[in-house]
Structures are given as C-alpha cells and as structure tokens.
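A.B. asks: Encoded as structure tokens, here's the structure I'll be asking about.
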Amino acid sequence: MNKILKNSILGLCMLVACIPYAYKLPYIINAWKNSPLDSHDWIFLLFGVVTLGIALFGVRGKEVHRDWAGLPLLCACILMYFIGVKKDIHAISIMAGVLLAASSVCLLWGWECFIILLPAFLVFCLSVTSTSYWITFLLSPLGLKSLPVKFFLTAVAIIIALIQLQFHFIPKKQSTFFLCALCFAFLIVVFQKEAHVKSASFIPDFSAGIFGDAKGYAQEPSHGDLQFFEGAKKLERYVFGTSDSIIGVLSIDLGTNVHQIHPPSHCLRAQGSNIHSETLSAEDLRFAHITITEISYTQKGYSMLCWYWYSSTKFSTPSFLSFRRYWKPDQEWHSYQISTPILNDEIGKARERLRVFLANVAESNNL
C-alpha cells in the first residue's frame, strides 16, 4: 500500500478513536466552569497536550505496524464506555474515551509507540471530571489533597516522556498487563465494600418539629444547597435545638437528574471544609437499624460531625457508589444529612446526640 495512503488511513482511524472523548467535551467544559473541585482540571488537559508533543518526538521514524495486543484493550475500553453511557456516569465514559484512544495507538501503531505515548494519555486521564474527588477520597487516610498529587503525577509523566526520548525503555507486554490487572484488582478491593452496602429503607419526616428534647423549625435552603442539588424534587432544611447543642438537617427528595447529586464530602470540600475522616458506621436506633457514612470535618474554625445516607422505598445505603450503582430515574430516592458541632473535641458526645435524635425521629415516624 502507498505509504501516504497508509498514513492517511491510520490518521483517520485515530481521529475516529477520539470521537467518544470529543463527544463528552461540552460536558467536561461545563464541569470545569461550574464545579469547584473540577475547575483546575483544564490545566491537566493542556499539560497532556504538552506531554503528547514531547512523546511524539519519540515516535518519529518508528515503524508503524499493527499489534493485535491492542485489540483486547480496545474492546475493554469500548465496553467501559458503553457501561458509562448506560449507567449515565460521565466520569467512566470520559475516562474510557481517553483509554480508547490510547488502545487504538497500540492496535494501529504498535506496542512501542503505545508505551512512548502512554505518559501523555495518563496526564489526559487526570483532566477527567470527578478524578479530583476520588483521588482525595482514596488518599484521605494520608491527608493528601488531589491538586498537589495531580501536579506530582504530571511532573513524573513529563519526566518519563523526556527520558523516553533518549532511552526508549519499552517494558514487556506481559509485565505491563500484569501491573494493570494488579491496579484494577486493588481498586475493586477498595471500592467493593462501599459499592454493595445496604440496610433497611429509612425515609424519615422531620416536619413535626419536636423529637424528644429536640425542638426545631424549617429554614430556607441556602444558595449552596440550591446550586449543588439543582433539579431536586423537594429540598428541606431544619435546625433543632437540644439540651446541649444544635442539630442541622438537610432532607432532599432526589429528582431524575442524577448528575446534580453529589457526595456530601464533595460539597463540603467545594465549600472549603477540611475533611478529617469519612467512614461507614452501622447504627442501632432502637426501632431502626441503618448504616450511615460519618464525616468529621472543620468548617470556618468549627469542628462538625455529619451523618448521611441515601434511601429508596426498598433499602437505604450510606455509600454514594452504592447509590449510583442502584439508582434508576423511575425510582423514588431520598438523601439525608444531619450534622452537629463537636464540642470540646468530644466526638463521642456528638455521635450520641445524633444517635438519640435519629432514634426519636424513627420512633415518631414509626420506622
């Protein structure tokens, strides 16, 4: 085949492979504009272009040939893309779009070109929406934030791309596939518990205003509430006074736009709060038994404790991953957040305050 024609066909195939990612660009740009946690990610798209430019110098003069090892990678990425579309999870389909282009390089240009260009694709992955939240979530036990981690990983990728210009270190396929499988298995182990946790349905009504010694009233939702939960069918905020402190309640009837539903820790970080811990906890509320996620955080100098969970009419879950796994637009879902101050660093008393309050709410609601 004529070399010019061959290169034209390969270039056209690569453009086709980039269409799934390009299709998501309007959503990506909108997320960069409106999501505080994603607002810096455009920087990593630019760094990805720079890294790609460096890496392309490394593939100059390389013989381009098909490598069928890229075919299973391509099929896996196509499957991942359609899962993201089917489940309506933008982050998965965007990530799949980046990896689909990378696997196409392996299939059309060969393993060596794929490895040389891989650092650029890894930087492009850092620009994917929601990666800032999940990097922070995974590294929260170490107290690390996503932005410095992303800059560090970008610097490492650029250094590797520069080293490849001189040495062209190409790892074996078997070793690379084994390492990828190991990373994938690690992520499954990390997320599998949260993706499956369930407990009894728990949909309380807080409008009565009196639960035990807690007396409260309804408040107008804040601007932040309306912004983060735009599209919710109903949004209610309450403040209850107890014998020793106060308890805030945010009750949301979720609408059909699941992309307006965010994990509370995401909202808190976007508001500048410092998250200290985020753990699952099974709670016995006298007549009700539920599993909640507990967040300990500092906001404007005050230490706070927050419990949250999601509930359908069939079951409840404290995990955003589990909620997204089971959510369907034709089902009724609710989200609840209750918070209280941690006074004098006595987190045990804050927990008991929330536990007693929810037990009284459950008893009043016959749950």
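A.B. asks: Rounded to the nearest 0.05, what FRET efficiency do Leu25 and Cys75 give with R0 = 22 Å and r taken as the Cβ-Cβ distance? Could you check?
C.D. replies: On the way: r = 24 Å, r/R0 = 1.09.
My answer for the efficiency is 0.35.
A.B. asks: Between the helical axis of 173-196 and the dominant principal axis of the chain, each derived from Cα atoms, what acute angle in degrees is found, rounded to the nearest 10?
C.D. replies: 10
A.B. asks: Have a look at Asp213, Asp41, Asp253 and tell me which one the Gaussian network model of the chain (Cα, springs below 10 Å) gives the largest fluctuation.
C.D. replies: Of the options given, Asp213 has the highest mean-square fluctuation.
A.B. asks: Between Cys183, Cys18, Cys267, find the one with the highest GNM mean-square fluctuation for the chain; connect C-alpha pairs within less than 10 Å.
C.D. replies: Cys183
A.B. asks: Based only on the alpha carbon positions, what is the Kirkwood hydrodynamic radius of the range 199-364, in angstrom?
C.D. replies: On the way: mean 1/r = 0.0623 Å⁻¹.
By the Kirkwood definition, the hydrodynamic radius is 16.0 Å.
A.B. asks: Still on this structure, please answer the following. Before rounding to the nearest 500, sum -39500 (n - 2.57) across all DSSP H runs of length at least 4 in the chain and divide by the residue total; then give [θ] at 222 nm in deg cm²/dmol.
C.D. replies: Details: 14 runs with 194 residues, N = 367.
When only DSSP H runs of four or more count, the value is -17000 deg cm²/dmol.
A.B. asks: Below 15 Å, Cα to Cα, which aspartates and glutamates can Lys172 reach? Residues fewer than 8 away in the same chain don't count.
C.D. replies: Counting by Cα, and skipping residues close in sequence, Lys172 has these aspartates and glutamates nearby: Asp67, Glu112.
A.B. asks: Between Phe184 and Asp330, what's the calculated FRET efficiency when r is the beta-carbon distance and R0 is 35 Å? Round to 0.05. Please report the intermediate quantities before stating the final value.
C.D. replies: Working: r = 32 Å, r/R0 = 0.91.
Approximately 0.65, to the nearest 0.05.
A.B. asks: Using just the C-alpha positions of the range 273-341 as equal point scatterers, what log10 of I(q)/I(0) does the Debye formula give at each q in 0.17, 0.20, 0.25, 0.26 1/Å?
C.D. replies: Scattering profile of the range 273-341, log10 relative to I(0): -0.67, -0.85, -1.10, -1.14.
A.B. asks: Arrange the peptides 98-106, 110-118 so that the one whose residues have, on average, the most other Cβ atoms within 10 Å appears first. Provide the component values of the computation, followed by the final result.
C.D. replies: Working: 98-106: 23.6, 110-118: 21.9.
In decreasing order of mean packing, 98-106, 110-118 become 98-106, 110-118.
A.B. asks: Helix 90-109 sits at what angle to the longest principal axis of the chain, using alpha carbons and giving 0 to 90 degrees rounded to 10?
C.D. replies: Around 10 degrees separate the two axes.
A.B. asks: Then there is this: Under a straight-distance cross-link criterion of Cα-Cα below 25 Å, which lysines are reachable from Lys198, leaving out those fewer than 8 residues away in the same chain?
C.D. replies: Correct list for Lys198: Lys86, Lys87, Lys233, Lys234, Lys314, Lys328.
A.B. asks: Among all stretches of the chain without exposed trypsin sites (Lys or Arg not before Pro) (DSSP loop, at most 10 other Cβ atoms within 10 Å), which one is longest? Walk me through the numbers before you get to the answer.
C.D. replies: On the way: sites that count: Arg60, Lys172, Lys300.
Segment 173-299 is the longest.
A.B. asks: Using Cα atoms only, what is the angle between the long axis of helix 347-364 and the major principal axis of the chain, expressed in degrees (0 to 90) to the nearest 10?
C.D. replies: For 347-364 against the chain, the angle is about 70 degrees.
A.B. asks: Could you please state, rounded to a whole Å, how far the C-alpha centre of the range 207-243 is from the C-alpha centre of the range 317-367?
C.D. replies: 13
A.B. asks: Enter the per residue convex hull volume of the chain, computed from alpha-carbon coordinates, in Å³ rounded to the nearest integer.
C.D. replies: Values: hull volume 52.5 nm³, N = 367.
Normalising the Cα hull of the chain by residue number yields 143 Å³.
Coordinate-derived values only; no laboratory data. Since the structure is predicted, the reported quantities are computational estimates derived from the model, not experimental observations. Neighbour counts run over all protein chains shown; Cβ positions are idealised from the backbone, glycine included.
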